[in-house]
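Written out below as structure tokens is the structure these notes cover.
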Amino acid sequence: QGGILGSFEAWSHSVVAPLLWLGQEDPLRTMEQLRVEDPIVRQLGTILEALRDLQKDLVEPPSVGRLLAARAENESLSSVIAEITPRARDDDGRKVALGKWLTKYSGRIVKLPDDRSYRLARKDDKTRRTGSFWTAAALSS
């Protein structure tokens, strides 16, 4: 018995069931494996975990600069930022590149190891010209 993909019940019954009956692998399992292996999802997961952890200790959402500063305490975050900003020569270049990357993936949702889903969300500060702040917005289950 295969799983059912969200609102695609008819598809699940007409496509998944015959594949399983023929002894083929469940396509839903394959889809989940592809999601796990997707480098963007992995990078977003690391960024969202860092944002989630930073938000616990800050009054306002973290900025790109604060996210960069957190690299010193988080080896996986440091590696992901290096992957995202390979051409940056210094932290100013990394801020720009990381800010563009975050903007590109703003709104994306990733399930973290705590089994909760989070959305990368941008919070602009209209009162200052300090740029954007970023949050890991927890979605209700």
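The values are calculated or read from the model by the stated rules, or taken from the named source; none is laboratory data. As the structure is a computational prediction, the values presented were derived from the model and not from experiment. Cβ placement follows ideal geometry from the backbone for every residue including glycine, while neighbour counts extend to all protein chains displayed. To get the accessible areas, we keep the full protein, side chains included, count just its heavy atoms, and leave off ligands, DNA and RNA. Shrake-Rupley method; radii C 1.70, N 1.55, O 1.52, S 1.80 Å.
About its Cα centre, the chain has a charge dipole of approximately 760 debye under the convention of +1 per Lys or Arg Cβ and -1 per Asp or Glu Cβ, with nothing else charged.
Ranking Ala88, Thr46, Ser117 by Cα position along the charge dipole of the chain, where only Lys, Arg, Asp and Glu carry charges on their C-beta atoms, puts Ala88 farthest toward the positive end. The accessible surface of the chain, taken with every protein chain in place and a 1.4 Å probe, is 51 percent carbon and sulfur. If the segment from Arg29 to Arg89 were pulled out straight at 0.36 nm per residue, it would be longer than the present Cα-Cα gap by 17.5 nm.
Helix 75-84 axis versus longest C-alpha principal axis of the chain: approximately 90°, rounded to the nearest ten. In the chain, the longest principal axis of the Cα atoms and the axis of helix 91-104 are about 40 degrees apart. Counting only DSSP H runs of at least 4 residues, each contributing -39500 (n - 2.57), and dividing by the residue count of the chain, the helix-based mean residue ellipticity at 222 nm comes to -14000 deg cm²/dmol. Cross-link partners for Lys95 among the aspartates and glutamates, with Cα-Cα distance under 15 Å and sequence neighbours closer than 8 places in the same chain left out: Glu83.
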